[in-house]
Each structure stands twice: as structure tokens, then as C-alpha cells.
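Asks: Quick one: the structure is below, and I'll ask about it shortly.
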Amino acid sequence: MLTDEKQRHPFLQGLSKHRGAPPTVVVIFGASGDLTARKLAPAIYNLSLDNLLPPEFHLIGYGRKEMADDAFRRAVAESVGTFSRREFNSDIWERVGRNTVYHHGGYDERPAFDRLRERIDVIEKDLGREVQALFYISTPPSVFKPILENLGASGLARRHQHTPFASKVVIEKPFGSDLDSARDLNRVITQQFEERQVYRIDHYLGKETVQDLLVQRFANTIFEPLWNRRYVECVQITVAEDLGVGSRGGYYEQSGAMRDMVQNHTMQLLSLIAMEPPVSLDPEGIRDEKVKLLKAIQPVSVDESKPDVVRAQYTEGLVGGRKVPGYVDEDGVADDSSTETYTALRLNINNWRWAGVPFYMRSGKRMARRVSEIAVQFKRPPGILFSDAERFDLASNTMVIQIQPDEGTTLLLNSKIPGLETRTQPVKMHFRYRTTYGSNTPEAYERLILDAMVGDSTLFIRGDETEASWRLITPILESWRNLGRRGMEGYVAGSWGPLASERLLWDNRHEWRRAGP
Ligand SMILES: NC(=O)c1ccc[n+]([C@@H]2O[C@H](COP(=O)([O-])OP(=O)(O)OC[C@H]3O[C@@H](n4cnc5c(N)ncnc54)[C@H](OP(=O)(O)O)[C@@H]3O)[C@@H](O)[C@H]2O)c1
């Protein structure tokens with residue numbers, strides 16, 4: 001049955017493609033850091049556990065810190081033990097551990113890159129066959145450029161170029177801090193690498209539910225006919241965290257909710273939920289459609305009399321019964337900070353499918369609950385048969401795709417309450433990953449590292465996509481910079497955001513849904 005289905009559906013064929021990667025050396029820049037410990041090392045271990053690493057797999061940790069190979073191996077094994085979603089098994093780890101070494105060097109130190117090249121050449125010579133090098137840049141963005149330049153100058157970027165063993169580079173977020181810096185970074189990258197060698201990470205794209213967006217939309221016939229301005233009332237995207245900035249106040253001051261969450265994660269969710277069907281599941285087919293969608297978004301009004309965007313900072317409040325400080329009282333945050341911890345936007349998409357349908361997006365810290373979801377709210381039926389509000393409690397049909405936590409999809413329907421009288425109430429149909437597939441699904445970084453190794457860039461951001469997103473966001477950031485703190489709203493920690501964000505929806509007689517299952 002499944003085989004027949006796969007033959008009929010090109011999408012399903014695409015999803016089951018062969019995942020074999022060529023012999024690979026993964027070099028992690030910033031290997032002593034937090035991301036390597038919490039995500040990258042556990043992801044590599046879990047790929048090994050699932051036999052998805054090539055048999056000839058080598059790992060080189062690169063960093064400024066002095067460290068012996070053994071010490072690095074122990075540190076990586078310890079991180080796996082602490083953070084892996086599955087139990088640490090020393091035999092499985094040994095497959096990776098025996099080929100794991102540490103390379104000491106600065107990020108702007110050319111000779112260290114020359115030595116790295118020699119090291120990779122030795123691995124290749126010992127193996128007696130070609131090896132691809134995958135460079136994972138997991139450092140703070142301040143050193144992205146020197147690393148890229150040295151990969152170019154040392155010849156590492158062009159190793160085996162135009163062959164299946166061409167070098168690849170994975171770049172962590174944030175990708176620039178505005179349109180100019182993103183363009184500048186793209187320029188440096190394309191001086192050293194061809195676009196098909198480049199993998200810009202947005203780890204949201206590695207999440208199962210985000211990948212499932214394409215399957216739910218295009219492998220089912222019941223939704224797509226309704227997915228347009230005739231049937232959809234509005235779309236609401238929420239990426240909410242309940243945590244505050246904690247000890248990272250200094251870092252967050254340079255970032256804010258718009259840069260940290262909206263420019264990347266929420267814009268990715270928006271483009272996947274709203275884009276046109278791609279001609280195929282090929283990376284370029286999907287990424288072309290995402291870029292087209294981003295380009296169709298109308299510029300956001302920052303006019304103070306009728307803005308399409310709101311920003312706010314959390315104030316002191318209660319979270320989980322515990323009193324928490326306001327943003328400006330957090331460590332590392334200036335008393336007169338103008339960094340937003342919350343933002344909400346109202347967007348219009350100027351294309352045939354979506355003209356007139358508002359897309360609302362919000363993201364914030366210290367909100368009522370940690371939840372990321374997309375809610376597609378359909379139009380109400382004409383009020384002819386069930387107009388008596390006393391008896392008929394009707395809700396708009398809404399499809400809610402919950403990205404995290406408790407991944408799944410919920411459909412909100414209206415139903416008759418059993419009884420002799422006709423009364424109605426909204427009910428929910430749930431599909432939960434946990435109950436259908438069990439809870440141990442791969443982490444985003446497993447999928448992304450594997451995809452980069454096999455050369456599938458579908459779940460990575462193309463250069464023009466980063467720029468299209470920044471083109472929309474940068475004028476908002478510039479206007480905020482000019483305003484300083486003027487117009488900055490407040491919201492109580494543990495709430496759903498400021499009143500001003502409700503007002504964004506009132507013009508259209510909409511209201512934010514209470515996000516969550
Ligand atoms: N941590 C996360 O959960 C997370 C999530 C999403 C994205 N990211 C992104 O992933 C990248 C790495 O994050 P991370 O949390 O692992 O960073 P990190 O721990 O602050 O830094 C990683 C490594 O980079 C080197 N480094 C730190 N500060 C540096 C500086 N000012 N100049 C040069 N080198 C420096 C250090 O290694 P050496 O001193 O040994 O060279 C450090 O161990 C960042 O771009 C971040 O935005 C992280």
C-alpha cells in the first residue's frame with residue numbers, strides 16, 4: 001500500500017530518499033562552546049546510533065582554547081552523556097570517538113587553517129579515497145567572517161570543488177543583524193564558496209512539525225482547496241517563551257525579539273504556511289517559493305498613528321507562582337534599555353491567494369506559556385441556521401499546527417451537544433506526534449547535520465531568502481532605533497503581551513487566540 005502511495009506521490013518519494021553520505025570530516029569551529037555540547041555532539045552521536053554516519057567519519061574540534069585530543073574526546077563524550085535524547089552507549093560512541101581530534105588555532109590565524117588542511121589531507125591519504133570536508137561554524141557571529149576568509153585563503157573552501165566531495169560550510173544564526181550586514185556576509189561567503197556549498201541554519205526547519213507543514217499542506221487534498229482568501233479569515237503565528245533572559249541579558253540587549261526570533265523562525269513558519277505549492281521537493285523548488293512569498297509581503301507600516309507593529313518589554317510579574325524581575329532589572333540590561341522582549345506584527349501578503357487576509361505574528365519572552373504554533377482561522381459560515389447566540393456557541397474553524405512543545409495538529413470544529421435540545425459547542429480533534437509516533441523523534445540538529453552531509457539544502461536558508469526577510473524587518477528596526485524608548489509598551493511577566501498587541505487585531509475584529517493545545 002505504502003509503495004503504491006509513494007509511486008503516486010512525488011512528495012513521499014522525496015521524503016524517503018537514500019541518505020548515504022560520502023566519507024566525511026566534520027570540523028566544528030567553536031567546539032568548546034555551548035551549542036556543540038548541547039546539540040551538535042549529541043546529534044552526531046544519535047546519527048551514529050542510527051547508522052546514519054558514513055563508515056569513514058572523522059570529527060575535528062577547532063578552537064582557541066588549548067586542549068589535548070583526549071581531553072576533547074572526553075568532553076564530547078560527557079556532553080553526549082548529559083544531553084543526548086537517548087542513553088549513552090560507549091560502544092556506539094567509540095565509533096565516533098576513535099576518529100575525534102582537537103585542532104588548536106585562532107579564527108583569524110591563517111597558518112592554523114593551513115595546518116587544518118594538511119590534517120584533512122592526511123586523513124584522506126590514509127583512507128585512500130576522497131573525503132568531503134564539512135565546516136560547521138558554531139562561534140559567535142563576530143568571527144564568522146575571518147573563518148570564512150581563512151577557509152578561502154587556505155584552499156579549504158575549494159577542496160574537490162565541482163565533485164561530489166566538494167567542501168560544505170554550515171553557518172549558525174544570527175545571519176547578520178540587518179539587511180546591510182546580511183548582504184555583507186553573503187558577499188564574503190560567495191567570494192569563497194558557491195551557493196550550493198553553503199548551509200545557513202535555522203534550526204526551526206529541522207523540527208519534525210515544521211517539515212510536516214509541507215506534507216500536511218500538499219499530501220492531503222482536504223486543506224489546499226481552502227488555503228486562500230476565500231476561506232481563510234486570518235493566520236496567527238505565535239513563538240512564545242516563558243523564560244526571561246536569565247544570565248544572557250548582555251547578549252540579548254544587542255538582539256531583541258525581532259532579530260532573535262521573528263526575522264528567522266517566525267518568517268520561516270510564515271513562508272512555509274503561505275507559499276505556493278513548489279514544482280518539486282527539490283531544494284530550489286521549495287526555496288524559490290519561499291522567496292517569492294517573502295517578496296510579496298507588503299512593507300510594514302511604522303507610522304506612529306497606525307503602526308502594523310508593536311514592541312514591548314516585560315515588567316515584574318509572577319511566573320509559575322514565583323516572582324520574577326522586569327527586563328530592565330535583569331543582569332546586564334541597561335535601566336533605559338530600548339531592546340524589545342516582545343513584538344507583534346500585522347502583515348499583508350500582496351498575491352492572488354492571500355490578498356486581504358491578515359497574517360499576525362508575535363514572539364516574546366516571559367509570556368504565559370512556552371508554545372510555538374501556527375493557527376489558520378477559517379471564515380465563519382453565514383449566520384442563517386445557527387444565529388441564536390444563547391443556544392449556539394460557535395467558534396471559527398481553526399487548524400492549529402503546534403510546533404513545540406507537544407507537537408501535533410488540532411482542528412477546531414463545532415458540534416452538537418448530545419441531548420434533546422439542539423445546542424452547540426466548539427470541540428477539538430487532536431493529532432499528537434507523541435501518541436501516534438512515540439516521543440523519541442530525532443532532534444532538529446540530527447536532521448540538519450545529516451542533510452548537510454548528504455548535500456540536501458532544502459531545510460537551509462538560501463542567501464536571497466535571508467536578504468528578503470531582512471529587507472522587511474530592517475526598516476522597523478531603524479524606526480525603533482530613531483524612536484529610542486518612545487512607543488515601548490510594557491507587559492506583565494507571565495501574560496500574553498501588551499494591550500497594544502490586541503489593538504493590532506481589533507481593526508479587523510480579530511483577537512489573539514489563547515495559544516496552546
Ligand atoms: N547555544 C545555543 O543553544 C544556540 C542556539 C542557536 C544558535 N546558536 C548559535 O550558535 C553559535 C555558537 O553558539 P554557542 O552558544 O556555542 O556560543 P559560545 O559558547 O559563546 O561560543 C562558542 C565558542 O566560540 C569561541 N568564542 C566565544 N566567544 C568568542 C569571541 N568573542 N571571539 C572568538 N571566539 C569566541 C569559544 O571557543 P574558543 O575560545 O575555544 O575558541 C566558544 O567556546 C552562535 O552563533 C549562536 O548564536 C547557539
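Values quoted throughout were computed directly from the atomic coordinates according to the rules given, and no laboratory measurement underlies them. None of these values were measured; they are calculated from a predicted model. Positions of Cβ are backbone-derived with ideal geometry, glycine not excepted, and every protein chain shown enters the neighbour counts.
Asks: Take every Cα-Cα distance within segment 184-295, group them into 10 Å bins from 0 onward, and report for each bin the whole-number percent of pairs it holds.
Replies: 10, 35, 33, 17, 4
Asks: Let me ask another. Amide H of Gln404 versus every other amide H placed in the peptide plane: which residues, excluding those fewer than 5 positions away on the same chain, fall under 5 Å?
Replies: Ser372
Asks: Give a residue-ordered list of calculated ³J(HN,Hα) values for segment 287-298 (Karplus: 6.51 cos²θ - 1.76 cosθ + 1.60, θ = phi - 60°; whole Hz; x for Gly, Pro).
Replies: 5, 4, 5, 5, 5, 4, 5, 4, 6, 7, 6, 5
Asks: Could you run the Debye sum over the Cα atoms of segment 19-172, one equal point scatterer each and no solvent, and tell me log10 of I(q)/I(0) at q = 0.11, 0.15, 0.17 Å⁻¹, two decimals?
Replies: Result of the Debye calculation: -0.39, -0.75, -0.98.
Asks: Quick check: net charge around Asn89, other residues with Cβ under 15 Å of its Cβ, Lys/Arg +1 and Asp/Glu -1?
Replies: Here the count lands on -1.
Asks: Suppose only helical runs count, i.e. DSSP H with n ≥ 4. What mean residue ellipticity at 222 nm does that imply for the chain under -39500 (n - 2.57) per run, divided by all residues and rounded to the nearest 500 deg cm²/dmol?
Replies: Helix contribution divided over all residues of the chain: -10000 deg cm²/dmol.
Asks: For Cα pairs less than 8 Å apart in space and 6+ apart in sequence, what is the mean separation divided by the residue count of the chain, i.e. the relative contact order in percent?
Replies: For the chain, the relative contact order is 17 percent.
Asks: Under a plain spin-label model, where a point goes 7 Å from the Cα along Cα-to-Cβ, how far apart in nm are Gln404 and Leu318?
Replies: 2.9 nm
Asks: Moving to a separate point now. What is the calculated FRET efficiency for Val427 to Trp506, with r their C-beta to C-beta distance and R₀ = 35 Å, to the nearest 0.05?
Replies: 0.80
Asks: Moving on to the next point. Along segment 213-229, what does the Karplus equation 6.51 cos²θ - 1.76 cosθ + 1.60 (θ = phi - 60°) give for ³J(HN,Hα), rounded to whole Hz, x for Gly and Pro?
Replies: Residue by residue, segment 213-229 yields 4, 5, 5, 4, 6, 10, 9, 10, 8, 7, 8, 4, x, 8, 7, 6, 5 Hz.
Asks: How much of the pair distance distribution for the chain lies past 34 Å, counting alpha-carbon pairs only, in percent?
Replies: Of all Cα-Cα pairs in the chain, 42 percent lie more than 34 Å apart.
Asks: R0 = 35 Å: FRET efficiency of His104 with Ser305, Cβ-based, nearest 0.05?
Replies: So the FRET efficiency works out to roughly 0.05.
Asks: Give me the log10 of I(q) over I(0) for segment 164-249 at q = 0.18, 0.22, 0.25 Å⁻¹, as the Debye formula computes it from C-alpha points; what are the numbers?
Replies: Debye intensities relative to I(0), on a log10 scale: -1.03, -1.10, -1.21.
Asks: Okay, next question. Using alpha-carbon pairs under 8 Å, 6+ residues apart, how would you state the relative contact order of segment 19-172 in percent?
Replies: 29 percent
Asks: I've got another one for you. Just to check I understand the Karplus step: with θ = phi - 60° and J = 6.51 cos²θ - 1.76 cosθ + 1.60, what whole-Hz values come out for segment 232-248, glycine and proline as x?
Replies: Using θ = phi - 60°, the values come out as 9, 7, 6, 10, 10, 10, 10, 10, 10, 10, 8, 6, x, 7, x, 8, 9 Hz.
Asks: Would you please give the residues with an amide H less than 5 Å from that of Arg369, counting only those at least 5 places away or on a separate chain, with H modeled from the backbone geometry?
Replies: Under 5 Å from the amide H of Arg369 lies no amide H from a residue far enough along the sequence or on another chain.
Asks: Here is a follow-up. Based on alpha-carbon centroids, what's the gap between segment 175-237 and segment 497-517 in Å, whole number please?
Replies: 25 Å
Asks: Turning to a different aspect of this structure: Starting from the 7 Å offset along Cα-to-Cβ, what nm value, one decimal, do you get for the label separation of Thr441 and Asp50?
Replies: 1.2 nm
Asks: Relative contact order of segment 147-236: what whole-number percent is it, with Cα pairs under 8 angstrom and at least 6 residues apart?
Replies: Over segment 147-236, the number comes to 24 percent.
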